[in-house]
1. With 20, 40, 69 as the choices, which residue is under 30 Å from residue 119 (Cα atoms), assigned to a helix (DSSP H, G or I), modelled with pLDDT of 90 or more and out of contact with any helix residue (DSSP H, G or I) (no Cβ under 7 Å at 6 or more places or on another chain)?
2. How do the pairs read when you match residues in the stretch 83-111 that are at positive phi and crowded, with 18+ Cβ neighbours inside 10 Å with residues anywhere that are at pLDDT below 95 and assigned to a helix (DSSP H, G or I), using Cβ under 9 Å and keeping only pairs 6 or more apart or on different chains?
3. Kindly provide the set of residues from the stretch 72-82 that are at pLDDT below 90 and either crowded, with 20+ Cβ neighbours inside 10 Å or in contact with a strand residue (DSSP E or B) (Cβ under 9 Å, 6 or more places away or on another chain) (or both), ordered by number.
4. For the stretch 89-108: of the residues being farther than 20 Å from residue 31 by Cα and in a helix (DSSP H, G or I), which is modelled with the highest pLDDT?
5. Tell me which residues, restricted to the stretch 32-59, are surrounded by 17 or more Cβ atoms within 10 Å (Cβ to Cβ) and closer than 25 Å to residue 100 by Cβ.
6. Residues to consider are 65, 28, 24; find the one that is more than 22 Å from residue 108 (Cβ to Cβ), out of contact with any strand residue (DSSP E or B) (no Cβ under 7 Å at 6 or more places or on another chain) and either free of Cβ contacts under 8 Å to residues at least 40 places away in the same chain or loosely packed, with under 15 Cβ neighbours inside 10 Å (or both).
């Protein structure tokens, strides 16, 4: 919150403890790694299930869980908590809103596309 408007009604929300900053950074990395691992497992399952539409449709679940995790992480973690609670939208240097929205949108569009049923025809 060092680069925000310094509104007294919001500045109390700032996290100034280096310990908590490291804990939060590690949790962010863990959440992103979980999403990546789930998506990569989903890719492998989809690749292995490409022989028929029925197998492919059955193998979509892990990829959809991974994409949902990624979408929820970027929506809740960045668009809600970071931008609204901590006021990152006010910062010209540390505003993650465009990147978070892009990653959220990409994950959700891919999930919608992947969720459509495939057929052998």
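The values are calculated or read from the model by the stated rules, or taken from the named source; none is laboratory data. The model shown is predicted, which means the values in this text are computed figures rather than measured ones. Using ideal geometry, Cβ is built from the backbone for each residue, glycine included, and neighbour counts are taken over all protein chains shown.
1. Numbers: 20 fails: under 30 Å from residue 119 (Cα atoms); 69 fails: out of contact with any helix residue (DSSP H, G or I) (no Cβ under 7 Å at 6 or more places or on another chain).
Going through 20, 40, 69 in turn, the sole match is 40.
2. Within 9 Å, the pairs are 87/10; 87/11.
3. Filtering the stretch 72-82 down to residues at pLDDT below 90 leaves 78-82.
78, 82 - these are the residues of the stretch 72-82 that are at pLDDT below 90 and either crowded, with 20+ Cβ neighbours inside 10 Å or in contact with a strand residue (DSSP E or B) (Cβ under 9 Å, 6 or more places away or on another chain) (or both).
4. 90
5. 35, 38, 39, 42
6. Exactly one of 65, 28, 24 is more than 22 Å from residue 108 (Cβ to Cβ), out of contact with any strand residue (DSSP E or B) (no Cβ under 7 Å at 6 or more places or on another chain) and either free of Cβ contacts under 8 Å to residues at least 40 places away in the same chain or loosely packed, with under 15 Cβ neighbours inside 10 Å (or both), namely 24.
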